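J.: For reference, the structure I am asking about is given below.
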Amino acid sequence: MAVAYDPNNIFGKILRGEIPAHKVYEDDVALGFMDIMPRAEGHVLVIPKEGARGLLDVSPQTLGELMKRVQHVAKAIEKAFDADGLTLHQFNESAGGQVIYHLHFHLLPRWDGVALRPPGTMADDAKLAEQAEKIRGAMGPFEA
């Protein structure tokens, strides 16, 4: 049974400006910002501005446009951090590992021989701000 989207989740609050975030990308479709509990240097979340609980209830049109932004941000992350690769995570419902019930994609730059950090450690705010600036500096204009 489908569960309704709750706009009062933390990402909804970030979208409304009620909670601050270190933004790396924003337009009318999506917002990309630094994960406050990063599992890798440069860990970014990309979310739709449309209220969607997960992959299965977002509109196909929004999903298509969102994925263009996910790719755009991923390219900037890879360039900014000189990454050897990239991991993309997306979780749905608690059984699938989802904790915040607003569709989101994790972008994690990866380097050969470097494991992801365990989840749950808060990052230094100044470091997140520095990383966000680095990603924005590596990002060219979005081309639909």
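J.: Taking the Cα centre of the chain as origin, work out the dipole magnitude from +1 charges on Lys and Arg Cβ and -1 charges on Asp and Glu Cβ, in debye rounded to 20.
T.: Values: 15 positive and 20 negative charges, 11 e Å.
With Lys and Arg at +1 and Asp and Glu at -1, about 60 debye.
J.: With a 1.4 Å probe and all protein chains left in place, how much of the accessible area of the chain comes from carbon and sulfur atoms, in whole percent?
T.: Working: 4370 of 7840 Å².
Whole-percent figure for carbon plus sulfur exposure: 56.
J.: Can you tell me the relative contact order of segment 43-144? Whole percent, Cα pairs under 8 Å, sequence separation 6 or more. Write out the running numbers ahead of the final one.
T.: Values: 113 pairs, mean separation 36.9, N = 102.
RCO, segment 43-144: 36 percent.
J.: By how many degrees, 0 to 90 and rounded to 10, does the Cα axis of helix 60-81 deviate from the longest principal axis of the chain?
T.: Here the helix axis deviates by roughly 20 degrees.
J.: Further, regarding this structure: Nearest 20 debye, what's the magnitude of the dipole of segment 73-144 about its Cα centre given +1 on Lys and Arg Cβ and -1 on Asp and Glu Cβ?
T.: So the magnitude is around 20 debye.
J.: Using DSSP loop states and a limit of at most 11 other Cβ atoms within 10 Å to flag GluC sites (Glu not before Pro), what is the longest stretch of the chain containing no flagged site? It would help to have the intermediate numbers written out before the result.
T.: Numbers: sites that count: Glu18, Glu143.
Result for the longest clean stretch: 19-142.
J.: Which whole-Hz couplings ³J(HN,Hα) result when phi for each residue of segment 108-118 is put into the Karplus expression 6.51 cos²θ - 1.76 cosθ + 1.60, θ = phi - 60°, listed in order with x for Gly and Pro?
T.: Per-residue couplings from phi come out as 10, x, 10, 10, 3, x, 10, 7, 5, 6, x Hz.
J.: Moving on. Working out 0.36 nm times the residue gap between Met37 and Leu63, then minus their Cα-Cα distance, what length gain in nm do you get to one decimal?
T.: Numbers: separation 26, 0.36 × 26 = 9.36 nm, distance 2.49 nm.
Extra length from Met37 to Leu63 when fully extended: 6.9 nm.
J.: Continuing with this model, one more query. Using a Gaussian network model on the chain with a 10 Å cutoff between Cα atoms, which of Lys75, Lys23, Lys127 fluctuates the most?
T.: The residue with the greatest mean-square fluctuation here is Lys127.
J.: Taking the dipole about the Cα centre of segment 39-139, with the C-beta of Lys and Arg at +1 and of Asp and Glu at -1, give me whichever of Gly64, Ala83, Tyr101 is farthest to the positive side.
T.: Checked the options; the winner is Gly64.
The values are calculated or read from the model by the stated rules, or taken from the named source; none is laboratory data. What you see is a predicted model, and the numbers here were worked out from it, not measured in a lab. Here Cβ is always computed from backbone atoms with ideal geometry, including for glycine, and neighbour counts include all displayed protein chains. Side chains are part of the model used for accessible areas, which takes the heavy atoms of the whole protein and leaves out ligands, DNA and RNA. Shrake-Rupley method; radii C 1.70, N 1.55, O 1.52, S 1.80 Å.
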